[in-house]
Amino acid sequence: MVILAKNAGFCFGVRRAVEAAQNNPGERKVTLGPLIHNRHVVESLAARGVRCVKSVDEIMPGEAVVIRSHGEAPKVYETLYKKGNTVIDATCPFVKRIHKRVIEAKNNGQRVIIIGEAGHPEVDATLGWAGGAAIAVYTEKDVNSLPEINDAVVVAQTTITEEKWRHIVSLLEQKIEKVTLFMSICSATQKRQSEAALLAKKADTMIIVGGRESSNTLKLVEICKKHCKNTYHIEYKNELLLEKMSFGDIIGIVAGASTPDTIIREVFDFMIDNDKALPITDAGQADAQQPAADGKADSPDENESDGDEIAVIAKTPETALNDYENVNTADAAPPDSQSISDEAASEGDSPDNSETIGDEVKTADGDEQPAETAEATEQDEFLEGLEKVVRLKKGQIIKGTVVLVTDEDVCVNIGYKSDGVIHKNELSLNDINPKENFSAGDEIEAEVINLNDGEGNVLLSRKRIEKKQNWIKIQEKVGSGEQYKCTVKKAVKGGVTARIEGYSTFIPASHLSLKYVEDLKEFEGKEIDVMLIDSDKRQERLVASHKNVLLKEKKQKEKELWHSFKKGEVINGVVKRLTDFGAFVDIGGIDGLLHISDLAWNRVNHPSDVVTEGQELELLILNVDSEKKKIALGYKQLLPKPWSTVPEKYKAGDTVKGKVVRIVPFGAFIQLEPMIDGLVHISQITKHRLEKVEDALRLGDDIEAKVLEVNADKRKISLSIRALLPEEEHKTEVKEDSGKNEDFNYEIPPIQETKVSLADFFPKKDE
Ligand code: F3S
């Protein structure tokens, strides 16, 4: 039976580093030392043109330097920066976190003790970040040799064993007064080691696949040897010693974090082909076998290797750390509460995959918190940081700093491998001059439109962001009543087209005017105001209405007009329509009512007796109700009242003509003009005495009379027919009747209420 450990092969950090070296094949790259402790991988990279150098002195100008997952000391970054080389920083984020912690300790004046092998690249890099006060210890002898220390922060090389950590920590706690622990063993390593121990206890033979210089592989060998005497460390399948195994043996295979999947697969297949392997029956391992054999069981970031990933770039030692800090959640938890999650955890696996030493981790204050909680927090932080570090995708919105502005482009440092470039036509929806609008140092936001423009730059666009923002903004204006100016482009079926804020806009024919539009082409080229009434989100198109603007304007005018009308003001109007009860008059867009009773002082049977349609009139505003939109107009009110002109028109002694309109016992009323009646007393009709008026006058008779007296205030005119008769007859009659009996004691109703002739107020003679 062959059992392949589930956690075999590249860890997250190693995979990330290898991919960083493999990306952008055309680029000249070097690694400072072997990228990983595996000859096969190093040779494969060399074949792709990735040089491996031992020191920075060997690095040529223009070469990009891939920093290994172990990390480097700040002085290395500094040197590379001075030399002008691009740095592709593939330091494992777990290792970066240790760097951050030791810098904090250094700044706090604490001593840093690293439990790890002096001379190991990871330990050397961490010592570099911790400054001169840091010390690496790995054995009891090392601890005993320590100088007197009162306060120390203790971190671990990520690949040491848990057993080693516990042992050295217990020694340190006896020797140092205050020890703050930062348990930084990578949990991927822990899991790999505990799985190896478990397997070694079961197996008759253990095969450990990995480089002979690989620290984590050597530790796996060490662990397995403790539980299985037949433990063999090989780098390739041809080193397998089949003669040392027997049919029916349980053969366990584990591999170091720097062992490529292909090599593990070769070893596994070789075992199967030689009939030394049997199908897996153990449920837990059976699941593990196939994926591991495919080289995928231990690839938490498999799905993230989509070709869009690029490693973070560091330009100076400070930015090397800052870049990391900026993309991590350093504030999320106290540093001492941190432990390192493994690559499986980064995939979102169950907490079982996130082991820590013991059940608890200590915090800086000495408090303890459940290991699972700390681990979960750690995983969240790590995932968050990772996302920001490695991903750059088309359509992503990123922030950067302008580093160079030319007439045609704006170059932006986006904190990644390559700078971003925004071409002039991608800067804005408007045609803008790059130099007039941007300067080096400006913060800028842009969308990634291409990861490589052919010259290694990331193509960016601000215009797309503006467009998206504009679309959101303009969407909010739909139905809001906000007006836009646009020029009609052309008439199409059912309406016309235009552009508003860069968006294609359709104006339906029914929304072009308040009236029916016969010919849509008459709008072509015209600038009109419109309101947005709808939008097509999918096609980013707008629908607008000019009619709504016209309606709004009309309402506004009406409103202003209504407020301009004041009761008692005189206005001009044109008669629009006649009805039985009056006339409607247009007084400037609004129709007012001229009631029949306000047409004339005298009785009017129908408005047409006084006015005609289309006639212009001067009118008095009698009343305004802007709420109910009603306005009452008066015409007669601007005409003189009938009796007001009587004193000028009628004087005593004048001869007047009139018509008999009513006969009463004491005389007859003579209409001199509409609303103006005079009275001829019975004694003033003839020279001889009359028994009754009808003996001399009939209704409707036209007569001529002399004005005897005028009293306009009382609306009385006294007339005499007799006075115009020949003299002699007159004299005789005068003697007989001097008119003493004339009755002037009749009452006249108020003129405003008068709808009839004065004569109407008296009973007829025969009534
Ligand atoms: Fe990083 Fe752990 Fe691998 S520290 S490089 S993921 S063993």
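The values are calculated or read from the model by the stated rules, or taken from the named source; none is laboratory data. These numbers were taken from a predicted model, which means no experiment stands behind them. Positions of Cβ are backbone-derived with ideal geometry, glycine not excepted, and every protein chain shown enters the neighbour counts. Each accessible area value is taken on the protein alone, full model and side chains, heavy atoms only, with ligands, DNA and RNA left out. Shrake-Rupley method; radii C 1.70, N 1.55, O 1.52, S 1.80 Å.
Would you please list the contacts, defined by Cβ atoms under 6 Å and residues six or more apart or on different chains, that run from a residue in the range 77-93 that is within 16 Å of the ligand (Cβ to nearest atom) and open to solvent by less than 10 Å² (accessible area, probe 1.4 Å) to a residue that is of a type in the set (D, E, K, R) and in a helix (DSSP H, G or I)?
90/16
For the range 507-529, does any single residue satisfy the condition of being within 20 Å of residue 468 (Cα to Cα) and not aromatic (Phe, Trp, Tyr)? I'd like the intermediate steps shown before the answer.
Filtering the range 507-529 down to residues within 20 Å of residue 468 (Cα to Cα) leaves none.
Among the residues of the range 507-529, not one is within 20 Å of residue 468 (Cα to Cα) and not aromatic (Phe, Trp, Tyr), which makes the answer no.
Being open to solvent by 10 Å² or more (accessible area, probe 1.4 Å) and within 16 Å of the ligand (Cβ to nearest atom), is that true of even one residue in the range 103-116?
First pass over the range 103-116, keeping only residues open to solvent by 10 Å² or more (accessible area, probe 1.4 Å): 103-104, 106-111.
Subsequent filtering for residues that are within 16 Å of the ligand (Cβ to nearest atom) retains none.
No: zero hits.
Just checking, which of 101, 111, 97 is over 23 Å from residue 257 (Cβ atoms) and touching a residue at least 24 places away in the same chain (Cβ under 8 Å)?
Just a single option satisfies the conditions, and that option is 111.
Give the range 223-240 a look and list any residue that's in a helix (DSSP H, G or I), under 22 Å from residue 260 (Cβ atoms) and of a type in the set (D, E, K, R), or say none.
Residues satisfying the conditions are 237, 239.
Residue-by-condition table, conditions (1) among the basic types (Lys, Arg); (2) within 16 Å of the ligand (Cβ to nearest atom):
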{"position": "153", "(1), (2)": "no, no"}
{"position": "157", "(1), (2)": "no, yes"}
{"position": "184", "(1), (2)": "no, yes"}
{"position": "187", "(1), (2)": "no, yes"}
{"position": "191", "(1), (2)": "yes, yes"}
{"position": "203", "(1), (2)": "no, no"}
{"position": "229", "(1), (2)": "yes, no"}
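Would you be able to tell me the number of residues in the range 525-552 that are over 14 Å from residue 513 (Cβ atoms) and surrounded by fewer than 14 Cβ atoms within 10 Å (Cβ to Cβ)?
Total satisfying the criteria: 7.
Kindly provide the set of residues from the range 204-220 that are outside any helix (DSSP H, G or I) and open to solvent by 10 Å² or more (accessible area, probe 1.4 Å), ordered by number.
204, 212, 213 - these are the residues of the range 204-220 that are outside any helix (DSSP H, G or I) and open to solvent by 10 Å² or more (accessible area, probe 1.4 Å).
Please work out if residue 139 is open to solvent by 20 Å² or more (accessible area, probe 1.4 Å), β-branched (Val, Ile, Thr) and either away from the ligand (no atom under 16 Å from the Cβ) or in contact with a Lys or Arg (Cβ under 7 Å, 6 or more places away or on another chain) (or both).
yes
Quick one: in the range 440-484, of everything that is acidic (Asp, Glu) and outside any helix (DSSP H, G or I), which residue is surrounded by the most Cβ atoms within 10 Å (Cβ to Cβ)?
Let us first name the residues in the range 440-484 that are acidic (Asp, Glu), namely 442-443, 445, 447, 453, 455, 466, 476, 482.
Add one more test, that the residue is outside any helix (DSSP H, G or I), and what stays is 442-443, 445, 447, 453, 455, 482.
Working: 442: 14, 443: 9, 445: 12, 447: 21, 453: 15, 455: 8, 482: 12.
Ranking the qualifying residues of the range 440-484, first place goes to 447.
Report, by residue number, each residue of the range 219-247 that is of a type outside the set (A, V, I, L, M, F, W, C) and touching a residue at least 60 places away in the same chain (Cβ under 8 Å).
Hits for the range 219-247 are 219, 222, 235, 236.
How many residues are more than 16 Å from the ligand (Cβ to nearest atom), of a type in the set (A, V, I, L, M) and assigned to a strand (DSSP E or B) if we restrict to the range 241-263?
Within the range 241-263, the subset more than 16 Å from the ligand (Cβ to nearest atom) is 241-253, 262-263.
Then drop every residue that is not of a type in the set (A, V, I, L, M), which leaves 241-242, 245, 250-251, 253, 263.
Filter once more, so that each one left must be assigned to a strand (DSSP E or B): 251, 253.
Count: 2.
Taking into account only those residues within the range 33-64 that are closer than 20 Å to residue 82 by Cα and part of a helix (DSSP H, G or I), which is farthest from the ligand (Cβ to nearest atom)?
57
Scanning the range 19-32 for residues that are in contact (Cβ under 8 Å) with a residue 40 or more places away in the chain and either surrounded by 24 or more Cβ atoms within 10 Å (Cβ to Cβ) or closer than 15 Å to residue 52 by Cα (or both), which turns out nearest to the ligand (Cβ to nearest atom)?
It comes out as 20.
Just name the residue that is nearest to residue 412 (Cα to Cα) out of those in the range 424-469 that are at pLDDT below 90 and polar (S, T, N, Q).
Only one residue tops the list, namely 457.
Residues that are outside any helix (DSSP H, G or I), exposed (fewer than 13 other Cβ atoms within 10 Å of the Cβ) and at pLDDT 50 or above: does the range 719-733 have at least one?
Checking the range 719-733: at least one residue is outside any helix (DSSP H, G or I), exposed (fewer than 13 other Cβ atoms within 10 Å of the Cβ) and at pLDDT 50 or above.
So that you can scan it fast, the table gives a plain yes or no per residue for (1) over 26 Å from residue 38 (Cα atoms); (2) not in a helix (DSSP H, G or I):
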| residue | (1), (2) |
| --- | --- |
| 112 | yes, yes |
| 132 | yes, yes |
| 154 | yes, yes |
| 170 | yes, no |
| 173 | yes, no |
| 188 | no, no |
| 194 | no, no |
| 198 | no, no |
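If residue 516 satisfies every condition in (1) loosely packed, with under 15 Cβ neighbours inside 10 Å; (2) closer than 26 Å to residue 475 by Cβ; (3) without any contact (Cβ under 8 Å) to a residue 24 or more places away in the chain but one, which is the exception?
All conditions are met except number (2).
Taking the range 647-666 on its own, how many of its residues are in contact (Cβ under 8 Å) with a residue 60 or more places away in the chain and either under 22 Å from residue 692 (Cα atoms) or surrounded by 12 or more Cβ atoms within 10 Å (Cβ to Cβ) (or both)?
The qualifying residues number 10.
Which members of the range 425-439 meet the condition of being more than 23 Å from the chain's Cα centre (by Cα) and open to solvent by 70 Å² or more (accessible area, probe 1.4 Å)?
425, 431, 435, 436, 437, listed by residue number.
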